[in-house]
Each structure stands twice: as structure tokens, then as C-alpha cells.
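Below you'll find the structure I mean.
The values are calculated or read from the model by the stated rules, or taken from the named source; none is laboratory data. Keep in mind the model is a prediction, meaning the values are calculated, not measured. For neighbour counting, all protein chains shown are included, and Cβ atoms are generated from backbone atoms with ideal geometry for every residue, glycine included. With ligands, DNA and RNA removed, areas are computed over all heavy atoms of the protein, side chains included. Shrake-Rupley method; radii C 1.70, N 1.55, O 1.52, S 1.80 Å.
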Amino acid sequence: MEVVRIGIIGLGNMGSAHARYLIENKVKGAVLAAVCDARTERLEWAAREFGNGVACFAGIEEMYASGTIDGVIICTPHYGHPAEAVAAFRHGLHVLTEKPAGVYTKQVREMNEAAAASGKVFGIMYNQRTQPLYKKLRDLIRQGELGEIRRINWIITHWYRSQSYYDSGGWRATWAGEGGGVLINQSPHQLDLWQWVTGMMPKRLRAFCAFGKHRDIEVENEVTAYAEYENGATGVFITSACETPGTNRLEVVGDLGRMVIENDKLTFYRLRQSETEFNRTYKGGFGEPEVWKIDIPVEGQRGQHHLITQDWVNGILHGTPLIAPGEEGLKGLTLSNAMLLSAWTDEWAELPLDEDRFYGLLRQKIEASGAAKTTEEKTLDTTGSY
């Protein structure tokens, strides 16, 4: 194969954006070959925008079986991602899915198993993994610049959403349509990065969620979570969609200092002597290790979506490892599910997660909201995922 023929499912905001950069030839070795959407007006738009060289389909199975594509980018509502991916693997297609991987981990685990059995290249649109700031932080931590990790704090509250945003689509901010709120829609990138930059998943979480705070919605739009790790480290994750102006500040503290990402800068407060060694040898009472403030140089393109698509295409054509393997979507979703489970039960959520318990409680939320069926049980539509 010299060129990967790509099909896109869902021509909402993200699907349309992916289509445009493919048409503009921003991804080497790939072409936009087909699009799929249940809405006639979106297919008519695609025909006008992209011309006869791009096939248009109203049905997913029809596109999968058409022979016109080698891989698919999934840009549909959250519940649909796993089922659409599994069907694509069954047709021998490579898959790149938008985030989140799905709504609940049990569903996503089944998708991962199908991906492994297919032998096809499976990626997830975690474009923030290409962000130079987070790549550099991860690299420095892996090289041991911080020593053993002791604390991970992230305040990510710049997701402000007004009531009119939620009113713009009936599926938004509902358990049946979206499967959650700020954790499933706005913060999946940060939940992924929270574990990716450090390489650590917590052993348990305790979370407090506000559901419909200052908004007429069903789902969580403010979250404070506390995590504990096997090595004794702790973490705090705070996110909100009803706060403005918002904050985006990530701190990682280790035995050798503290690294902070804020305002598009990475700062390293480096200890000249490790805290452990200083504490063992210092006899002067009050005092602390000498610290150097270092502005870490960071270069490279910002975390653009086409970089992940290029990486996925490279994996298909050349067998190179992916920056964001699709299977790793399970990790961030596990954190999201654990936070909701903890809030719903007013208990610690232990990891590995009790997937059946979470799914049962999610079903109760859907039924309590008066929804007759979840999106996963309906005929899967192809509206955009944002």
C-alpha cells in the first residue's frame, strides 16, 4: 500500500475539520476517499466542498463494505465509538477514533480486544500528546530529572460552557446522549495526559462531582478528585465547565524538584540536592535544599490534530509505533469512570475498576432521566462528537 484511503464517519465539527486537512494534503501518504453521515444536508455539503473524488454514504456498513477505503476516522457521539470501531475491524479496516474511546470501560475493553485480534492499526485522537510542552515534561520525567514522583496536581477549569451551548443539541449533557459531562467531553485529553506524562495510574480515587451546577443539565460540570498511588504519591485533579476565567496549571513534584506547565511555559524548580538526601544529612534546623529556577526550552508544532492522523498513517504504511495507540484510551476513561463511581457511591473507587458496578449505576442514571433507550441501543447516527 502506497496511499491510505481514509473514510470519515460523522461530519460535525471535528469530522469536517479532519476532512479539510486531508483535502488540503496536510497528511503525507493519505487521501480522503469517503465520508459518511446520516444527515442529507451534510452529505450535500460534502459533495459541494470535496467534489466527485470523495464518495458519500448515508450508512456506515455501506461505506465499510464499499471497498473505497483502507481506514476510518470515527467522529460520532461517544457511545458509538466502540461499536463502529469493532465493525470496522471486522471489515479489515484500520481505525482512528476521536476521544473519548467510549463512555464506559467495559465497552472499550471489548473494542480493544477486537483491535488486537484484527491486526489493524488502531489509534485515538489524543492530539495533546503531540504538544511539545507535554512531550518535554514526559521526557524529563522518564529521564529521572524529577526523581521519584510524589505529587501530581492539575487545575483545568478553562472549559467554560454556557446554557446556550448545552441547549444547542438534545444529546448534550445527558446520561443517555453523551454519557457524562466535563469528564467525558471536555477533559479526556487532560485525564490521558495526567497518567501519560508520569507513566502512573492511581490505585484508588475519591472524587466529588457537582451535577448541573449553575446549569440546567443532568451531568457533572465540576469535579474535584484526589488520587493515591502505589509509591505513596498523591494527586489532585480539578476541572470545571462553569467557571470563568479559568485556569490551566499542571504541577508534578518529585524528590528532585517541581515542574510546572502554565501559560504555555514549562518551568523546572530543580533541587541541587534531592529532598531525601537533604533531609537525611541536614542538621541546621530550619532550612531547605538550594533550588534553581529553570525555564525549559520547548520547540515544535502545537498539538494539532493532523499530526496524530499523520502518525496513524505512518503506522499503517511503515509499521512505526503510534504516539497514541487506541488501546490506551482505556486509561483516561478508567480515571473518568472511577471519579463518577466515587461521587455516585460516596466511596473510594479502587483500581482496577469495578466495571459492572459502574455500568449498572450509569444505566440507573439513564433510566432515572426518563430516557427510553441509550444512544448505544439506537441506530447509530453520525452527528459530530462536539
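As a test of the formula, what do you get for the chain when each DSSP H run with n ≥ 4 contributes -39,500 (n - 2.57) and the sum is divided by the residue count, at 222 nm and rounded to the nearest 500 deg cm²/dmol?
When only DSSP H runs of four or more count, the value is -10000 deg cm²/dmol.
Note down the magnitude of the dipole of the chain about its Cα centre, charges +1 on Lys and Arg C-beta and -1 on Asp and Glu C-beta and zero elsewhere, to the nearest 20 debye.
Values: 41 positive and 49 negative charges, 142 e Å.
In total the dipole reaches around 680 debye.
Would you calculate the convex hull of the Cα atoms in the range 9-148 and tell me its volume per residue in Å³? Numbers along the way, then the final one.
Details: hull volume 19.7 nm³, N = 140.
Per residue, the Cα convex hull of the range 9-148 comes to 141 Å³.
Say we join alpha carbon atoms closer than 10 Å with springs in a Gaussian network model of the chain; which of Arg90, Arg258, Arg204 then has the biggest fluctuation?
In the Gaussian network model the winner is Arg90.
Here is a further query. Expressed in nm², what is the orientationally averaged projection area of the convex hull enclosing the Cα positions of the chain? Write down the numbers at each step before the final one.
Details: hull surface 81.8 nm².
In nm², the orientation-averaged hull projection of the chain is 20.5.
Report, in debye and to the nearest 20, how large the dipole of the range 282-337 comes out about its Cα centre when Lys and Arg carry +1 and Asp and Glu carry -1 on their Cβ.
100 debye
Which entries in Lys26/Lys99; Lys28/Lys136; Lys26/Lys331; Lys120/Lys203 show an alpha-carbon gap greater than 23 Å? It would help to have the intermediate numbers written out before the result.
Details: Lys26/Lys99 21 Å; Lys28/Lys136 25 Å; Lys26/Lys331 29 Å; Lys120/Lys203 31 Å.
Long pairs (Cα-Cα over 23 Å): Lys28/Lys136; Lys26/Lys331; Lys120/Lys203.
Let me ask you something else. Please give the helix 305-318 orientation as an angle from the longest Cα principal axis of the chain, in degrees from 0 to 90, rounded to the nearest 10.
70 degrees
Hey, if we sort Glu178, Glu350 by accessible area with the 1.4 Å probe, largest down, what's the order?
Values: Glu178 5, Glu350 95 Å².
The ranking, largest first, comes out as Glu350, Glu178.
Okay, moving on. Let me check against my output: what whole-number percent is the relative contact order of the chain, with C-alpha pairs under 8 Å and at least 6 apart? Display every interim value, and only then the final one.
Details: 815 pairs, mean separation 89.5, N = 386.
Taking the mean separation of contacting Cα pairs over the length of the chain, I get 23 percent.
Could you tell me which residue out of Ala368, Gly303, Leu191 lies farthest along the dipole of the chain toward its positive end? Charges go on the beta carbon: Lys and Arg +1, Asp and Glu -1, centred on the Cα centre.
Gly303
If you line up the long axis of helix 355-368 against the longest principal axis of the chain, both from Cα atoms, how many degrees apart are they, to the nearest 10?
60 degrees
A further question follows. Over the range 1-116, average the accessible area per residue using a 1.4 Å probe and give it in Å², no decimals.
Value returned for the range 1-116: 37 Å² of accessible area per residue.
What lysines does Lys135 reach when the alpha-carbon gap must be under 17 Å and sequence neighbours fewer than 8 apart in one chain are set aside?
Lys135 reaches Lys265.
When we measure straight from the Cα of Lys213, which aspartates and glutamates land under 19 angstrom away, once same-chain ones fewer than 8 places off are left out?
Asp167, Glu178, Glu222, Glu243, Asp346
Would you work out the Kirkwood radius for the range 114-249? I mean one over the mean of 1/r across all pairs of different Cα atoms, in Å.
16.6 Å
Rounded to the nearest 10 Å², what accessible area does Phe50 have for a 1.4 Å probe in the complete protein model?
The value for Phe50 is about 30 Å².
May I ask you to derive the FRET efficiency for Glu228 and Glu113 from their Cβ-Cβ distance with R0 = 30 Å, giving the value to the nearest 0.05?
Taking R0 as 30 Å, the efficiency between Glu228 and Glu113 is 0.55.
For a Förster distance of 41 Å, can you work out the FRET efficiency between the beta-carbons of Ala65 and Glu367, rounded to the nearest 0.05?
With a Förster radius of 41 Å, E is 0.70.
So what J values fall out for the range 152-157 if you push phi through Karplus, 6.51 cos²θ - 1.76 cosθ + 1.60 with θ = phi - 60°, rounded to Hz, Gly and Pro as x?
10, 10, 9, 10, 10, 10
Could you tell me the accessible area of His158 in Å² (1.4 Å probe, neighbours in place), rounded to the nearest ten?
90 Å²
Using Cα atoms only, what is the angle between the long axis of helix 105-118 and the major principal axis of the chain, expressed in degrees (0 to 90) to the nearest 10?
Taking Cα atoms only, the helix is inclined about 70 degrees.
Leaving out ligands and nucleic acids, and using a 1.4 Å probe, what accessible area per residue does the range 224-354 come to in Å²?
I get 51 Å² per residue for the range 224-354.
Tell me, what HN-Hα J-couplings in whole Hz come from the Karplus equation 6.51 cos²θ - 1.76 cosθ + 1.60 at θ = phi - 60° for each residue of the range 293-304, using x for Gly and Pro?
8, 10, 7, 6, x, 9, 10, x, 5, 5, x, 7
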